[in-house]
Amino acid sequence: MPHSLGWYHTPTPNSFVLHLSATPNHLRAIRALVGKTLADCGIDEGQSHAVQLVMSELFGNAVRACGDFVPLVAEVAVERPQGFGGGAERGVRVRLHDPYRLAQPVRGGVRLDDPEAESGRGLPLVDLLAPGWRVAGTPVGKQVRCRIPAERESGS
């Protein structure tokens with residue numbers, strides 16, 4: 001459904017696809033939408049914050065690599081419970097698509113605990129919160145694909 005901020009949102013009970021341009025207002029809106037979607041699905045606050053942080057980092061990286069107002073497609077999907085009993089330990093899949101296939105994410109080599117660093121912690125945070133994330137080329141750009149595991153699943 002179109003929104004007054006100029007983005008297009010396609011919700012389902014456990015996910016959404018959002019077509020938007022990269023602006024600070026849209027970053028705030030996507031963080032709020034992630035929080036609401038995950039709360040409605042019963043995802044705990046810690047995992048929700050991790051998903052919001054990963055999406056924010058991917059969004060920020062897309063802006064730095066591609067520029068302001070670049071068209072993006074953000075997707076968030078809560079996995080269905082696995083196994084018997086339908087437990088709440090569900091991962092959350094996050095994907096962010098941008099039109100610049102050649103602008104790949106680059107790790108800055110900064111340690112997460114470096115008190116002098118002013119930037120460069122984003123991808124190490126994504127590594128920590130969404131182990132095994134990857135970048136896939138698409139016919140119209142690239143898509144960064146992540147899975148944020150449930151806290152018990154990740155051992156936290």
With R₀ set to 25 angstrom, the calculated FRET efficiency between the beta-carbons of Val135 and Ser21, to the nearest 0.05, is 0.75
Whole-Hz Karplus couplings 3J(HN,Hα) for segment 64-69, θ = phi - 60° and coefficients 6.51, -1.76, 1.60, Gly and Pro as x, run 4, 7, 10, x, 5, 6
The long-range amide H neighbours of Ala22, using H built 1.01 Å from N in the peptide plane and a cut-off of under 5 Å, are Phe69, Val70, Leu72
Long-range amide H partners of Lys142, meaning residues 5 or more apart or on another chain whose placed amide H is closer than 5 Å, are Asp98, Tyr100, Arg101
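FYI, it's all coordinate maths here, none of it is from the lab. Please read all numbers here as calculations on a predicted model, not as lab measurements. FYI the Cβ positions are ideal-geometry reconstructions off the backbone, even for glycines, and counts take in every protein chain you see.
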